[in-house]
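J.: The structure follows.
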């Protein structure tokens, strides 16, 4: 191991040691990834819910709202939160418990990944998920029965808002959760990578649904316009036959399903 790789390991090792020492029982729990993801959903969504409730009274943010004529109500937010809780209680936690009975968790590694390894693994997991969901998404829009029975729940709102990122049917949530759980395992990723990717994908999903196109939004910073973000996904809810990719835009561009604001007009 050269000095550069060694120093990259040292960057994350103190943090990893701290987790193993202070939170060993928590991070070893089979419910930890679920609680991490749900906590991320709540924490990432809440600030934008406050912005939505302030509405036009907070012009600094409201000026960047994509669909200004559609404002989410407290009832709409409550329904989405309740649906997320219901799906976790009825579908996610029982599945995690059954999986724990069949396959007890393995011991966590002592060594932390290098920074480059972590970043490479996270990117690999996100790109794999992007392809999986793109195919699933197209299929569930093209097949009327699948759309009506599975995916139509997510399209109840033409104008997305932060809490609506998990306005999903139980089957869709379980499918997304399966990929999020299995992809890092299949790619042989470090547990820290899995948790980081899990949290990052939740943030990106919430970002897709916030309904605001800020000047500092990631899609304006990401090179070559290959990140979709809130604007691309908002357009998907307005034109459901376009912008199927959850995060990046390359599959939509390749398959001819990409749509921009100018093309919508």
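The values are calculated or read from the model by the stated rules, or taken from the named source; none is laboratory data. Treat the numbers as computed from the prediction; the structure is a model and nothing was measured. Cβ sites come from the backbone with ideal geometry, for glycine too, and all protein chains shown count toward neighbours.
J.: Inside segment 65-90, can you point out the residues that are outside any helix (DSSP H, G or I), surrounded by fewer than 18 Cβ atoms within 10 Å (Cβ to Cβ) and out of contact with any helix residue (DSSP H, G or I) (no Cβ under 8 Å at 6 or more places or on another chain)?
T.: 69, 70, 73 - these are the residues of segment 65-90 that are outside any helix (DSSP H, G or I), surrounded by fewer than 18 Cβ atoms within 10 Å (Cβ to Cβ) and out of contact with any helix residue (DSSP H, G or I) (no Cβ under 8 Å at 6 or more places or on another chain).
J.: Still on this model: Please pick out the residue among 219, 237 that is assigned to a helix (DSSP H, G or I), in contact (Cβ under 8 Å) with a residue 40 or more places away in the chain and in contact with a helix residue (DSSP H, G or I) (Cβ under 8 Å, 6 or more places away or on another chain).
T.: 237
J.: Could you grab the pairs with beta carbons closer than 8 Å, sequence gap of 6+ or different chains, first residue in segment 37-54 and more than 17 Å from residue 173 (Cα to Cα), second one loosely packed, with under 15 Cβ neighbours inside 10 Å and at pLDDT below 95?
T.: Cβ pairs passing all conditions: 51/58.
J.: For segment 182-193, enumerate the residues that are surrounded by fewer than 17 Cβ atoms within 10 Å (Cβ to Cβ) and touching a residue at least 12 places away in the same chain (Cβ under 8 Å).
T.: Of everything in segment 182-193, just one residue is surrounded by fewer than 17 Cβ atoms within 10 Å (Cβ to Cβ) and touching a residue at least 12 places away in the same chain (Cβ under 8 Å), namely 187.
J.: Residues 96, 106: which one is farther than 19 Å from residue 251 by Cα, surrounded by 13 or more Cβ atoms within 10 Å (Cβ to Cβ), at pLDDT below 95 and out of contact with any strand residue (DSSP E or B) (no Cβ under 8 Å at 6 or more places or on another chain)?
T.: Answer to the selection: 96.
J.: Take segment 1-25 and flag every residue that is closer than 24 Å to residue 94 by Cα and either within 14 Å of the chain's Cα centre (by Cα) or at pLDDT below 90 (or both).
T.: 24, 25
J.: Going through segment 251-265 one residue at a time, which ones are assigned to a helix (DSSP H, G or I), modelled with pLDDT under 95 and touching a helix residue (DSSP H, G or I) at 6+ places or on another chain (Cβ under 8 Å)?
T.: Correct list: 261, 264.
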